[in-house]
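Quick notes on the structure that follows.
Please treat every number below as a calculation from the coordinates, not as lab data. The structure displayed is predicted, hence computed values, not measured ones. FYI the Cβ positions are ideal-geometry reconstructions off the backbone, even for glycines, and counts take in every protein chain you see.
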2 protein chains.
Amino acid sequence: MIAEFKRYIKEKVKLSEEDLELIRSVAVEKIVRRKQLLLQQGEVCRYKIFICKGLLRTYRTREDGSEHVMMFSPETWWATDPESLNNQTPSFYYIDALEDSEVLLWTKKDFAMLCAKIPALKSYSEKLISTNLNIGRQRIFSALSATPEEKYDEFVASYPNIFARIPLHMVASYLGVSLKTLSRIRQAQLKR
Amino acid sequence: MIAEFKRYIKEKVKLSEEDLELIRSVAVEKIVRRKQLLLQQGEVCRYKIFICKGLLRTYRTREDGSEHVMMFSPETWWATDPESLNNQTPSFYYIDALEDSEVLLWTKKDFAMLCAKIPALKSYSEKLISTNLNIGRQRIFSALSATPEEKYDEFVASYPNIFARIPLHMVASYLGVSLKTLSRIRQAQLKR
DNA sequence: CGATTCTTTGAAAACAGTCAATCTGTGTGG
DNA sequence: CCACACAGATTGACTGTTTTCAAAGAATCG
């Protein structure tokens, strides 16, 4: 399982074998099955999660029980609630597995230690944060300005591989549109 | 004008007088008048902007000319396009002044130099980034799940002082709702 | 095969958006 | 100081789209 991570990280960051070994030594391997929760609302998020295999979903609920998907994380992506992890405050989010998955976990403390000892990792981690910021901005703009059809098309175009693995009602939830609307859009697109 | 910045930064970060002086020495003071642009779409963003006085708006347009407000920045806040600034790529955004304003500017290079020499500033800057990330997440969740009325109420509650200074159609644009809808909501709320 | 999950579809209702007109207050220039 | 233009806000009539509710068809899995 660690093999996938090594392949990933080597491609992104220049690391010595010792660095790699250090990172590995504090990682916890975990297998999660479909529908299993890795984080619950109200809980303090304990780990930074790297997905080796499978697919996770981060979502949040409202008082009425409706679920709203914030993020999908397939293999070679990350998941966590940075706010809860950093501040050790109760999280608003749930993280669960949409497929049987294999993940690696690092505690806040261990990851901070790694960043302190491996500057290249720290700066890569910062780069990821700013990438996330940009993705978030783009999503806000899309939420403000795009029609449901545009949102749907953007999503399919941006994440073709993820799209194929997610039930439509979760895509709808991610886009902030009803399932019915998405279904209608698809129907209309078939006729072209 | 620098006085406002000093008051602000002293409250947030423990800095020596030399640090402060260094920061000041590379800052550029600028006065912008209402409606004046500080950044245009297509341009590379050159500065990190601190607002000493006044109110800025960051927005983006679609091909049809419609404007969508990403952010309002009143005094003691920051504005910039981090993506364009960091990568030196053309920006998607406009930044303009909603009121006559006084701002401080730092180039990417100078600010990086400051962060290198003043670790406390660097970590404060990182903290701001993660705060922005959290605000962005919250906004995405709200865009996905809240009704127009809830969005409006949240906005008024979160930014009462800013709200009072912004024309309603810009609030509507920020919330991703038509001016008409906001007007209706206000009307309905009056009757309670 | 039975059960669950997923997707489509229909009918009706609710809602937000567009267009356009009006009203207000502000500020500018003659 | 008045007149006029301008920016902002409200309102009405209408349109169009999305949602809700519900049911029924597919597909998948154990």
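Things worth noting here:
- At q = 0.09, 0.13, 0.14 Å⁻¹, base-10 log of I(q)/I(0) for chain B (Debye sum, equal scatterers on each alpha carbon): -0.37, -0.76, -0.87
- Per residue, the convex hull spanned by the Cα atoms of the protein assembly as shown measures out at 168 cubic angstrom.
- Across segment A:159-177, no residue has a backbone nitrogen under 12 Å from the label position 7 Å along the beta-carbon direction of residue A:191.
- Restricting segment A:37-125 to GluC sites (Glu not before Pro) that sit in a DSSP loop and have at most 13 other Cβ atoms within 10 Å of their own Cβ leaves A:63.
- Distances between placed amide hydrogens fall under 5 Å for residue B:99 paired with B:35, B:55, all partners being 5 or more residues away or on another chain.
- Think of it as helices only: each DSSP H run of n ≥ 4 in chain A is worth -39500 (n - 2.57), and spread over all residues that comes to -15500 deg cm²/dmol at 222 nm.
- The distance between label points at residue B:127 and residue A:112 comes to 1.3 nm (points 7 Å beyond Cα on the Cα→Cβ vector).
- Candidate lysines for bridging to residue A:30, where Cα separation is under 18 Å - those fewer than 8 sequence places away on the same chain excluded: A:6, A:48, A:53, A:108
- Residues A:101, B:91, ranked from the fewest to the most other C-beta atoms within 10 Å, line up as B:91, A:101.
- Between helix A:148-158 and chain A: long-axis angle, C-alpha atoms, 0 to 90°, nearest 10: 40
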